[in-house]
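The values are calculated or read from the model by the stated rules, or taken from the named source; none is laboratory data. Remember, predicted model here, so these are calculated numbers, not experimental data. Neighbour counts are summed over all protein chains in view; Cβ atoms, including those assigned to glycine, are modelled from backbone coordinates with ideal geometry. These area figures cover heavy atoms from the full protein model, side chains too; ligands, DNA and RNA do not enter into them. Shrake-Rupley method; radii C 1.70, N 1.55, O 1.52, S 1.80 Å.
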Amino acid sequence: MKNKFARLISTIFVPPSFTIIVYSIFAFSIETSFQNSLTVFLVALIFGFILPIAMFILMRKKKMISDNDAMIKDQRTLPYLIAVVFYSIGLIILLLSKVSIISIAFWFCYISNTFITIIINKYWKISAHSMGASGAAAALFFTFGWSSFVAMIIALFVGWSRIELKCHSLSQVVAGILLAFFSVYIQMKLITGL
């Protein structure tokens, strides 16, 4: 039963899920026009959700990734690099559309944190699921304050699920949570000047 619940959490809350959740919140709360709201939502949907998931499914089908949890760390670099291309296109669109600096700042974190993950991944398998959940929590915390800190509970559940499924060790999950939270929070503070 515990294992099934962990699998459900781990499947629902993949990193792209947090992209669409956070950017849906941003689109309809901090953007000042319908056009900007629509742009933010569509960029998140296409470049942060649909394309990364489609890429993963395609790479699984072609046996470039051997399992649904991407357990082999050497098979993670190429998907991360391709994701950076998607994120870079999304960033250009957001910059050209002149959306909120908060939306731009968090999107920039996708690129920088992916590069950080690639570097770490050369030596150690950090939990990308935990990073995705914690980075999203940091963005919400930065933007809305303590009222959104409840998002960290989801990050903890995601971390637990990765340990329960034996995809990561406790240290890999804790490192992912801490690294992403502080990285996103600090970068957003520096970029926005808030």
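Of note:
- Gyration tensor verdict on the range 69-163 (Cα atoms; rounded if a/c is under 1.5, prolate if a/b is larger than b/c, oblate otherwise): oblate
- Reported value for the chain: 108 Å³ per residue, from the convex hull of its C-alpha atoms.
- Cross-link reach list, lysines versus K62, counting only Cα pairs under 22 Å and skipping chain neighbours closer than eight places: K73
- Global form of the range 7-101, assessed from the alpha-carbon gyration tensor, a/c cut-off 1.5: prolate
- The C-alpha atoms of the chain define a longest principal axis, and helix 51-61 lies at about 20 degrees to it.
- Given R0 = 35 Å, the distance between the Cβ atoms of S112 and K61 translates into a calculated FRET efficiency of 0.75.
- Candidates V14, V40, F86 compared by Cα position along the dipole of the range 1-99: farthest toward the positive end lies V14, with charges placed on Cβ.
- Helix-only CD estimate at 222 nm, as mean residue ellipticity for the chain, using -39500 (n - 2.57) per DSSP H run (n ≥ 4): -24500 deg cm²/dmol
- Counting only residues at least eight positions apart within a chain, or on another chain, the lysines with an alpha carbon under 24 Å from that of K98 are K189.
- Extent along principal axes [Cα atoms of the range 30-76; Å; largest to smallest]: 44, 17, 12
- Degrees separating the helix 77-97 axis from the principal Cα axis of the chain, which is the longest one: 10 degrees
- Cα-based helix-to-principal-axis angle, 128-144 vs the chain, degrees rounded to 10: 20 degrees
- In the complete set of protein chains, residue-level accessible area for M131 is approximately 20 Å², probe 1.4 angstrom.
- Of the accessible area of the chain, computed with a 1.4 Å probe over protein heavy atoms only, carbon and sulfur atoms account for 75 percent.
- Ligands, DNA and RNA aside, L96 has an accessible area near 140 Å² when probed at 1.4 Å.
- Taking the three principal axes of the alpha carbon atoms in the range 96-146, the coordinate ranges are 37, 30, 11 Å, sorted in descending order.
- Solvent-accessible surface ranking, highest first, for V174, V14, V84 at 1.4 angstrom: V174, V14, V84
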